[in-house]
Structures are given as C-alpha cells and as structure tokens.
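Below: the structure, in structure tokens.
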2 protein chains.
Amino acid sequence: MTISKAACIGGGVIGAGWVARLLLNGIDVAIYDPDPEAKRKVGEVMKGARRAYKKMLPNGLPKEGRLTFARTIADAVADADFIQESVPERLDLKHRVLAEIDLHAPANSIVGSSTSGIKPTDMQVAMKKHPERLVVGHPFNPVYLLPLVEIVGGEQTFPEAIEVAKEIYASIGMKPVVIRKEIEAFVGDRLLEAAWREALWLVKDGICSVEELDDIMRYSFGIRWAQMGMFQVYRVAGGEAGMRHFMAQFGPCLKWPWTKLMDVPEFNDELVDLIATQSDEQSGKWSIRELEKIRDDNLVAIMEALSRQNKGRGWGAGELYNGYTKQLSGLAAKKAPALKSKAQKSAATAKAAKPVKAVKGKKR
Amino acid sequence: MTISKAACIGGGVIGAGWVARLLLNGIDVAIYDPDPEAKRKVGEVMKGARRAYKKMLPNGLPKEGRLTFARTIADAVADADFIQESVPERLDLKHRVLAEIDLHAPANSIVGSSTSGIKPTDMQVAMKKHPERLVVGHPFNPVYLLPLVEIVGGEQTFPEAIEVAKEIYASIGMKPVVIRKEIEAFVGDRLLEAAWREALWLVKDGICSVEELDDIMRYSFGIRWAQMGMFQVYRVAGGEAGMRHFMAQFGPCLKWPWTKLMDVPEFNDELVDLIATQSDEQSGKWSIRELEKIRDDNLVAIMEALSRQNKGRGWGAGELYNGYTKQLSGLAAKKAPALKSKAQKSAATAKAAKPVKAVKGKKR
C-alpha cells in the first residue's frame, strides 16, 4: 500500500523529519502542532532535507507534496490514510492525542506512533473506535535520511495492520523491522541506552572525554556497524572456526567485572555540566546547522558508497538506497516526462520555474 | 618516530592484522608464533589486506616489507625498535611472553600489547629490565583497515613511552587515542560489552533474531556512529537548544527499567546454539572469506566516501584516510621514482616484476 494523504501530529525534530520524508516523496501532508514556532521549525528541517535529497538525486527531485498546517487534530487527520504521531513522550499526552486521532481519522487509516519507548498496548487503550490500527513506527533521527523504522504491535493491533504499516514505510524508502515481542524501548533504543549509560560512566569517571569517546567509536566499530551489525561482524572475526568458536571464546568475558551497567550514574548538574562543557570543546566551532549539514552529507556519502558495493547491487543501507533513489528518480521523471533533448530540457526548466500542477500517477 | 624494524609476537587474527599493516607500510617484520599453521594463516590475512589496499591505492602499493618467521621470541625481537604482542588473553601467558620480549629486545624499543582487557600495570610486573616501555596498543579488527588504537600506560610506563607509541602508531596510518586512566577493557570494549550483553538478552528473550538486530544497527545508528560519535550525534539531535537541553530531556530515561544489563544471561549451550543457528540463517550463504572481502570493501568505501567530505578535507576516519593514502602513495612513488612518461612507465613495470631492493628513505 502507498500513501495518498498523510497527517503528522507533532512537528519537533522527529515530526518534522517525517513531514520532510513524506513531502519529498511527493505526498501531501497535513500537520498539526500547537507550537507558534512550528512553521519556522518545520521549514528549517525541510531546508536541510531538501539539501540532502539534492545530493542523493543530482538529476532533480520529485515534485514535493503540499504541506498544510491544520488548526486541529481533527482537521489534520480527516482525510488521511496514514497518520504519524510524534508528540512528547508522556503517556497522558499520547492518550489524549491518540484518542483525538482515533475519533476523526478514516476507519481504514493506519496510525503510527514515533514513541521510542512506550508500549503500543499501553497507548492503544485510549483509542475507543479502532485500536487495532495502531502500530509503533519508531524512526531514527534524521528521519528523512536514516532508513530504519521499528514496527511494534500491541495486544489489540491486528496482524494486518502491521503488514500494511510495513508496506507504507517501505513505500517511502524505509527499512521496516518488525519487533517480535512488545517490550519498552524496543531494540534500537535498548542498545543505545546500554552504550549511553556506559558512556556516561566513562566520562564521569574521567577515563576519557566526550570527544575521545566519540573518536573511539567512529574510528573503529562505528564504521563496522555501518555496514554489518554486531553479530555478522563477530561471525567474521571468529574466522575459519565460525560463530560457535567466537561465542565460546568471547562469552566468558561477560563474567568479567567490566561494565558498570548494573548501576546508574547520578544524573546531577555536575554530570550535565561536565558533558555539556566537553561537548562545547569538541563541537563549539560549528553551529548546530553546520553540524547538521556535515552529518547529512556524511550519511548520504556513506549510503551512496555502500550502494556501489556487492557487485553494484549495494549492501545494507546501500542496497536500499539504490532502490529508493531509483524510485524517486522515477517520480521526478514523471514530473517532467518530456526531458529528452537539451533544447527540451531547457524549455522544461523554464516551464518548471512556474508553478505547475503535478501529474498524478498511481504510484506515489 | 617511525619504525625501522618491527616484531610481532602471535599471529592470530589480530597479530596477522598487525603484520599486514606493517608490511604494507614497507616495514620489515619478524614474527614469532609456535602454531605450525601460522605461515598459512598469516598468508591468508596478507592476501585479504593486499586486496583491500589495492582498492585504497589504485595507482600501486609501496614495496612490501620483508616478513621473516623467527624460531624464538629472542630471535624475533633482537633488532626490533617496535614490538607488538598479540598472544591469547591469559595473564600467565602474557607474563611469560612479555618477560621474554623484555629480556631480548633493544633497551630503547617500544613494546605494545594488543590486549583488549588486561591492565598494563598487571602485565608489566613481568618485565624486569624495562617495564617503563610497555603500553597497551589495543587495535580493532581488521587491524590493517580500522584506524583506532587505544593507548594505555601502566603505573610503571614512562609518559615518554606513551608519546613515542602515539607517534609510532600514527606513522602507520592509525588514530591513537590515549586513555586517561587505566581500567580493565579500556573504553572501546566497555561500550562493545555493554551493547553485546544487551544484544544477547534481546535474542535470548526472542525479541528479535540476530539478523533483525544487525539490521536495526546498520540501518540506523551504525551509519550515524561511523561519522560522528554518540555525543556529537546527540548534540545535533538536541537541535537549537543544544547539549544541555538534550541531556535534560534524555537523562531521566536512565531511570527507566529498560535495559537488562544489571544481570548476565546464562551463557549455556542453548544460547550458543540459538545464536549460532540464527547466524547461519543470516550469513550461511557466504563463506567467511567472502564475508571478509565484503566487509573490507565496505570499510574502504566508507572511509573513501568520508575522505571527500568537509570540503575535500575529509571527516573523521576519512580525514585520516586522506593523509594515510597520500603517505602510502608517496612511498609507492619512491619505489619507482622515474614514472613520468608512458614509455618509462612500461619499462618500470617490467623492471618491477623482478625483485628489487627498496630505496630506503628516511620516512617509512
């Protein structure tokens, strides 16, 4: 299934990232966010996303979908077949928002929640009409570039809703992974949380600075994990003897008193100060906007590099990137189907400068 | 300081990786490994490393250093100014090997240990002559490609030895990060251990398969961490409000009952079987050799992609990659300094097919 009209509830970093991905796929989006700054903030994210997509698609972007700012949740979701909720991580707020969505959205629409930790079962109790259509669709920042979306169903979620959600997310270039059992924080954030907790200890105890820790990640296992995950990397490391050998060798290490993870470092002002100060030393020379551009350029470059691997079929995120850029290029070609000769091209360019109504194809 | 002659004690995956990096930098290496299969195993790693370096240096590799297999540790280290120990992770074995190295190596040589967990203070007690020259130089697999080396000094290590070790590792294209306080497992493996432990729980509890977990890593934060580390990524995610805001928002999550890390999953046959079986399902279609090639190609492609970022200066591992490939190209050019015209080129190629004694420059 592909999306005809989407609604996004919440326009923070994640919500605006969804808006950007959808619009750049040519899909119309209605957004609801009560923040008076929402328009400006979404505009900033769109600017960054557009810039990144121009790197991905040097021959031109598809015609963007139309963005409307709705005045109520009801207005936003009224004619949407896909709704993505990205409001702050408070269960009471999620309940209020999901109840409102449920009341006004078409019965056969799919509702995805961007929550990074709350179980869908705990959220869908607020949906009195159609709780069966709620899935967690947990993305990673920046949403317009990173492909992963963790899909989690709750007790009331229909298996069919999960299947449709998979298709919907895949249709906008994402990699859906369905989590088999519902747990808080799902999989990605569990791993991130484990590493983050240990990182806080290492900095707090003065073993390393935040910059040193970042360097340790990005000059070693970061590059490994960008292309294979942990298990496949270790399989290779096991060498000729394979995974069983590796497990036998590495397994017992878990018993060593290495990590401090059984304990949580006290989250006080001192720790926040230490980390914020070291972070300024590391990155203060760039503004956040500059860092965003650097990050996005790097992400595109890595995915593009991986897209040329594996005899041109692409590997991991690069394989997906091949399919995604091909799909978007197809959409872009539809926008101006007559681009054949140089003369036609320049004529088309001149024409494209004026507002044009998009040719609506079946596949969005 | 650069290396004139190196010795490697131990020729497993890590030891052979060191041998490969050194030889490909044109440095002569003597290796000691009692395994009768050592020659074949080192040869396999060399073959892989050579292949990867050809991707990095399409215009030709430097003349390789000479590899000799020594019959004793004493023979291997006798005239080495840099010795890297990579024997299995047992303290008694480390003691025996380091005592032997210490007895026979030139007094002003630097001794690096590849240990991924043992404190240098606990190892250098076995060195009765010059314990002050021991540092941990902890690399990451594959050593010939991944740049990170964690340098850790023990109580008896001279600060000067750490400085020289930094120069030595940097001279062969690595990124040395000095760990400020000596702890077991240092920094990289603490983070890896934390994530690994959580990963084992997630698979054991049936939340996801090893393939799903790997996909979750490589389609999301793996790509992020390949270019920025955890703290810099979160700084950007904090958006306009910055690091302090991010910490305030994300910090309290640590109190949530998310991770299972306080506890260690029982490491029994059942868990080993589960993971080995799922790993076969994920990767069984490739041999380990094929996976190694895929991994190496991906790593080179990612570093190469990052080397073109940041207005051509390169970013992170890509910045280092620029310097490293330039250095190696310089060495390669020295090998055949007269490569100017096509005619000369083909003459030189013909000549290069015969064994030539390398022109020894100051900079290796």
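The values are calculated or read from the model by the stated rules, or taken from the named source; none is laboratory data. All values reported here derive from a predicted model rather than from experimental measurement. Here the Cβ positions follow ideal geometry from the backbone for every residue, glycine too, while neighbour counts run over all protein chains shown.
A few notes on this one:
- Being in a loop (DSSP other than H, G, I, E, B), facing chain A (nearest Cβ under 7 Å) and of a type in the set (Asp, Glu) holds for only one residue in B:GLU184, B:GLU212, and it is B:GLU184.
- Single residue of the stretch B:147-161 satisfying the filter (out of contact with any Leu (no Cβ under 7 Å at 6 or more places or on another chain) and buried (at least 18 other Cβ atoms within 10 Å of the Cβ)) that is nearest to B:LYS55 (Cα to Cα): B:LEU148
- Scanning the stretch B:24-43 for residues that are surrounded by fewer than 18 Cβ atoms within 10 Å (Cβ to Cβ) and either charged (D, E, K, R) or assigned to a loop (DSSP other than H, G, I, E, B) (or both) returns B:PRO34, B:ASP35, B:PRO36, B:GLU37, B:LYS39, B:ARG40.
- Given (1) over 30 Å from B:GLY323 (Cα atoms); (2) assigned to a loop (DSSP other than H, G, I, E, B); (3) aliphatic (A, V, I, L, M), number of the condition B:LEU103 does not satisfy: (2)
- For the stretch B:269-282, filtered to residues that are closer than 15 Å to A:GLN232 by Cα and touching a residue at least 40 places away in the same chain (Cβ under 8 Å), the residue that is nearest to the other protein chains (Cβ to nearest Cβ) is B:SER279.
- The residues in the stretch A:304-333 that are more than 9 Å from every other protein chain (Cβ to nearest Cβ) and assigned to a loop (DSSP other than H, G, I, E, B) can be counted, and the count is 4.
- Restricting the stretch A:285-303 to residues that are more than 9 Å from chain B (Cβ to nearest Cβ) and at pLDDT below 90 leaves a set whose member that is farthest from B:TYR219 (Cα to Cα) is A:LYS285.
- In the stretch B:40-59, the residues that are farther than 19 Å from B:ALA301 by Cα reach residues that are part of a helix (DSSP H, G or I) with C-beta atoms within less than 6 angstrom, at least six apart or across chains, in these pairs: B:VAL42/B:ALA16; B:VAL42/B:VAL19; B:VAL45/B:ALA16; B:VAL45/B:ALA20; B:MET46/B:ALA20.
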